[in-house]
1. Which condition number in (1) surrounded by fewer than 23 Cβ atoms within 10 Å (Cβ to Cβ); (2) part of a loop (DSSP other than H, G, I, E, B); (3) touching an Asp or Glu at 6+ places or on another chain (Cβ under 8 Å) is the one that Glu27 fails?
2. Among the residues in the stretch 256-278, are any among the hydroxyl-bearing types (Ser, Thr, Tyr), within 30 Å of Thr334 (Cβ to Cβ) and at pLDDT 95 or above?
3. Scan (1) surrounded by 15 or more Cβ atoms within 10 Å (Cβ to Cβ); (2) not in a loop (DSSP other than H, G, I, E, B) for the single condition Val317 breaks and write down its number.
4. Collect the residues in the stretch 407-443 that are buried (at least 19 other Cβ atoms within 10 Å of the Cβ) and in contact with a Pro (Cβ under 6 Å, 6 or more places away or on another chain), keeping them in residue-number order.
5. Any chance the stretch 403-425 includes a residue that's modelled with pLDDT under 95 and either closer than 20 Å to Met94 by Cα or touching a strand residue (DSSP E or B) at 6+ places or on another chain (Cβ under 8 Å) (or both)?
6. Going through the stretch 342-356 one residue at a time, which ones are at pLDDT 85 or above, part of a loop (DSSP other than H, G, I, E, B) and in contact with a strand residue (DSSP E or B) (Cβ under 8 Å, 6 or more places away or on another chain)?
7. Only one of Leu122, Leu140, Leu167 is modelled with pLDDT of 95 or more and within 21 Å of the chain's Cα centre (by Cα); which?
8. From the list Thr368, Thr464, which residue is in a helix (DSSP H, G or I) and free of Cβ contacts under 8 Å to residues at least 60 places away in the same chain?
Amino acid sequence: MAGKRFPEGFLWGGATAANQCEGAWDEDGKGISVADCTMYKKDVSQTDYKGLHTITSRDVEEAMASRDVCKYGKRHGIDFYHRYREDLDLFQEMGFKTLRVSIPWTRIYPTGVEEKPNEAGLKHYEEMFMEMKNRGIEPLVTLHHYEMPLYLSNHYDGWYQREVIDLFLKFCRTVFERYGKLVHYWLTFNEIDSVFRHPFTTIGLVEDRYPEDKREEIIYQSVHNQFVASALATKLLHEMIPEAQMGCMITRTLTYPENCHPGNMLQALRENRKNFFYSDVQVRGEYPEHIKNEWKRKGIQVQFGADDENILKEYPVDFVSFSYYMSRVTSIDTGDKELVGGNLTSGVKNPYLDTTEWNWQVDPTGLTISLIELYDRYQKPLFIVENGLGNRDKIEEDGSIQDDYRIQYFKEHIQAIADAIEEGVDVMGYTPWGCIDMVSMSTCQMSKRYGFIYVDVDDDGNGTYERRKKKSFDWYKKVIASNGEEL
């Protein structure tokens, strides 16, 4: 029993991303996005992520010339584009108060530079949001979830060119105007801190097009442009829909020192501070000194517009959202120590934690720590918009899926949220990642399943696409009905 700790109106739900679930990659006028260029990767290291998500110029050329939906798994997804009503019925049955979705830029402006939006795309999401409202489900909409138009990557160097800010704001204005009465919770950039882990996916940067010694500067310039775009999108939202709220979104990569050696303590502090940098700018409205000093040491030149500092300061986000899957351990001496990974990060194995099949370490207490740290740092409402367990689910002879491991994972993490709330943390809601099975972001696999709902699709895109409830479906339904009291 978690006790009566979750506030009334707590937003229980689930999280998706259009590029991982919709499919229909070339229907109704949609343009090709960076996500449509990511390939299915079968055998990958679970500890060494270097190069896993690097996209070369040749990769882009091959993707543009190909119609293959098996090699490029996000092109087929789980057909949520056509089946969303069926899925919304299942989410309603579970009792969802909210559902995190994203609007692909390429469905509204196929290349990003069109003068007029694509009406078919606008109509689709208007109908979807109305269907959600009819089921009592509040949309939580991400504006930029790894779905940048490929045209902008090819012709504007992704987010490196400042002109992209205005193109993005045109997209924002269009969707705010169309959905202002239907959507009250928005997020700017998904896991904006991922720019160095996978710059093609996050900012549309094809690294081999630029000198190696300039790439770090280009990435910092690109994320600065996203910071400015986030602030101006927040300004625009408040002007157009005064009652609406905008949040930022980071990956919370909580880092522990391997031990109390002062060198390890300092290294962990620096790792955590790097992670906080991305929310610091969007919440506090200014760059931390350690980043400015890093630029000076490295000779990095980031070009600021004349009014950028005022823009960042005047238009901070209203709340802080984040993904949390695991913690990591850092050491000044890795030596022959065993490494583990997850979510495109890696570190020394923590002997006090269990490890999943995909080598991700499970640390619910780390979620409590993260919530307390973030709230103490910002004093703004927090929203856990991704959290979950990927596993190979087995269909039993009777047709059931006995995913007790997933129930245990969520039980411990929801209890961790309750513990943070009892400490005084203001938590708005909780949307577990992949509430329905989807294509994996990094490897485009289907076999790593997160959902409460099983989808009959394999790694090659074959299957009936039939939906099937797992054991965790009814468990989470009870959790929501009891507002977190019954775990």
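1. Among (1) surrounded by fewer than 23 Cβ atoms within 10 Å (Cβ to Cβ); (2) part of a loop (DSSP other than H, G, I, E, B); (3) touching an Asp or Glu at 6+ places or on another chain (Cβ under 8 Å), the lone unmet condition for Glu27 is (3).
2. The answer is yes, given that some residue of the stretch 256-278 is among the hydroxyl-bearing types (Ser, Thr, Tyr), within 30 Å of Thr334 (Cβ to Cβ) and at pLDDT 95 or above.
3. Failed condition: (2).
4. His413, Ala416, Met428
5. no
6. Lys349, Asn350, Leu353, Thr356
7. Leu140 is the lone residue from the list that is modelled with pLDDT of 95 or more and within 21 Å of the chain's Cα centre (by Cα).
8. Thr368
The values are calculated or read from the model by the stated rules, or taken from the named source; none is laboratory data. Just so it is clear, the model here is predicted, and its values are computed rather than measured. Cβ sites come from the backbone with ideal geometry, for glycine too, and all protein chains shown count toward neighbours.
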